[in-house]
Amino acid sequence: MYDLILVRYGEMTLKKSNYKQFQNKINENIKRKLAKFSNLSYKQTDYRFYIYLNGEDYTKIIESLNTVVGLHSYSLCKKVEADYEKIAEVAISLIKSVKTKERLSFKVETNRGDKNFPATSIEITKEVSKRILPHVSGLYTDVHNPELVLSIDMRSEGTFIYIETIEGLGGLPSGMSGKGILMISGGIDSPVAGFLALRKGVSLTALHFASPPYTSTLALQKVIDLTEKLCNYTVDGKMDLIVYPFTKIQEQIHKNADPIYTVTLMRRAMYKIAEKIASDADYNIIVNGESIGQVASQTLESMRVINEVTNMPIIRPLATFDKNEVIKIARKIDTYDISIRPYEDCCTIFVPEHPIIKPKLEKVLKEEERCNLDDLIKEGLNNLDIYHLSLEKKTNIVFDENNEKFEI
């Protein structure tokens, strides 16, 4: 039914002198995502990218395009000759294929990119409209609030007809904005924050803090499953997950510090660890799912005191989001049902009933000194578990008879 998919670019078109670099990158990303479809062919112009289907199932192509960051929108098209009768013939066929109501309002919109065609956009719209109306029963014109819009895109490379524009993920091409560490828990927020960073072209490695035996294998599996969902939005369908053994640090804080500072000290330790891992890998940023005022460690006062341990930029994509907005995105990227599994992460361990919400740096530093965490942090850095996750292979964590962890 359709010949091709017309792809439109998003905010990357604002890049001016760097535009070609961004365009080439996103086109390369599209081709890598669609490599499994052997019959496809492609054509690139300055502001369009065409995917010729050549018999491939377009529904599968759209599913893959829905995971490519940096795309503004795309449309399933028919390519026709720049001739009124040919355009109207195809338009009638497309309208009839989607018309489910006895009466249907519509309008025609024309983009005359090819200025060699001897008519204005308005004239083309009128000529095509008057050829369509007599041949589709119950169809009538409504230029202000139509139920269906027939679009004609006339360009030097061809004339393209379509009736639907599918919204893309937007953002920037994957891999164009450098690398970062994603602090991922088993909750709703951090995977969404990771997705939003990926959508802005950041390549991510995930970092999770595990505290066995207080946290279970099922809690770790939950994080693995969440990270695998984020693999959907990488170019190669892969992402590494680093698991840091956090038990001794939490026990040391719990043993030595005033309980109201437990969360503050724990978060400061996490930032120190994340910065060390990121710096060693030459990454640019740390990403997390913090939202202003959501919990005690996310008041502005707490953020300032916790942030004091690092000079590395901390990106908080959800800082101003309401929870319902976050949940909406989590459902869209299919992480929500995983996040609400009842397996708790390390952030729920040793948490006091009333943690301090406006800590003072001087007091925090004294409590931190009592805990003497530096050696424990180094010890944990020497005992990292790294999982190379991929869409191609599901990773499951189990224990053998000796209580040794291994992957299947």
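Quick notes on this structure:
- Which numbered condition G178 misses (of (1) at pLDDT below 95; (2) touching a helix residue (DSSP H, G or I) at 6+ places or on another chain (Cβ under 9 Å)): (2)
- Condition check for Y283: of a type in the set (F, W, Y), modelled with pLDDT under 95 and over 18 Å from G380 (Cβ atoms): no
- Positions within region 96-107 being among the small types (G, A, S) and in a helix (DSSP H, G or I), in sequence order: S97
- Among all residues of region 359-374, there is at least one that is in a helix (DSSP H, G or I), without any contact (Cβ under 8 Å) to a residue 40 or more places away in the chain and closer than 16 Å to T247 by Cα.
- Hits in region 64-95 (condition: in a strand (DSSP E or B) and over 25 Å from R32 (Cα atoms)): V80
- When A35 is tested against the conditions (1) open to solvent by less than 20 Å² (accessible area, probe 1.4 Å); (2) over 20 Å from S151 (Cα atoms), the lone failure is (1).
- The number of residues in region 138-165 that are in contact (Cβ under 8 Å) with a residue 60 or more places away in the chain, crowded, with 16+ Cβ neighbours inside 10 Å, under 25 Å from E63 (Cβ atoms) and not hydroxyl-bearing (S, T, Y) comes to 4.
Table: residues versus (1) of a type outside the set (D, E, K, R); (2) under 18 Å from L40 (Cα atoms); (3) more than 34 Å from the chain's Cα centre (by Cα); (4) open to solvent by less than 20 Å² (accessible area, probe 1.4 Å).
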| position | (1), (2), (3), (4) |
| --- | --- |
| D57 | no, yes, no, no |
| K86 | no, no, yes, no |
| I95 | yes, no, no, yes |
| R103 | no, no, yes, no |
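- Checking each residue in region 219-260 for being aliphatic (A, V, I, L, M) and in contact with a strand residue (DSSP E or B) (Cβ under 9 Å, 6 or more places away or on another chain) picks out A219, L220, V223, I224, L226, L230, V235, M239, L241, I242, V243, I249.
- Lone qualifier among L265, L300, L318 - being aliphatic (A, V, I, L, M), open to solvent by 10 Å² or more (accessible area, probe 1.4 Å) and within 22 Å of V351 (Cβ to Cβ): L300
- All positions within region 188-229 that are open to solvent by less than 10 Å² (accessible area, probe 1.4 Å), closer than 14 Å to Y387 by Cβ and among the polar types (S, T, N, Q): T227
- In region 326-370, the qualifying residues are those that are more than 23 Å from I306 (Cα to Cα) and either open to solvent by 90 Å² or more (accessible area, probe 1.4 Å) or among the polar types (S, T, N, Q) (or both), and the one that is modelled with the lowest pLDDT is P342.
- Sole exception among (1) open to solvent by 20 Å² or more (accessible area, probe 1.4 Å); (2) in contact with an Asp or Glu (Cβ under 6 Å, 6 or more places away or on another chain); (3) farther than 30 Å from V235 by Cα for K78, by number: (3)
- In region 211-249, the residues that are assigned to a helix (DSSP H, G or I), within 24 Å of I26 (Cβ to Cβ) and not hydroxyl-bearing (S, T, Y): E228, K229, L230, C231, N232
The values are calculated or read from the model by the stated rules, or taken from the named source; none is laboratory data. Keep in mind that this is a model prediction, so the values were computed, not measured. All Cβ positions, glycine included, derive from the backbone under ideal geometry; neighbour counts span all protein chains shown. Please note that ligands, DNA and RNA were not included when accessible areas were found on the heavy atoms of the full protein model with its side chains. Shrake-Rupley method; radii C 1.70, N 1.55, O 1.52, S 1.80 Å.
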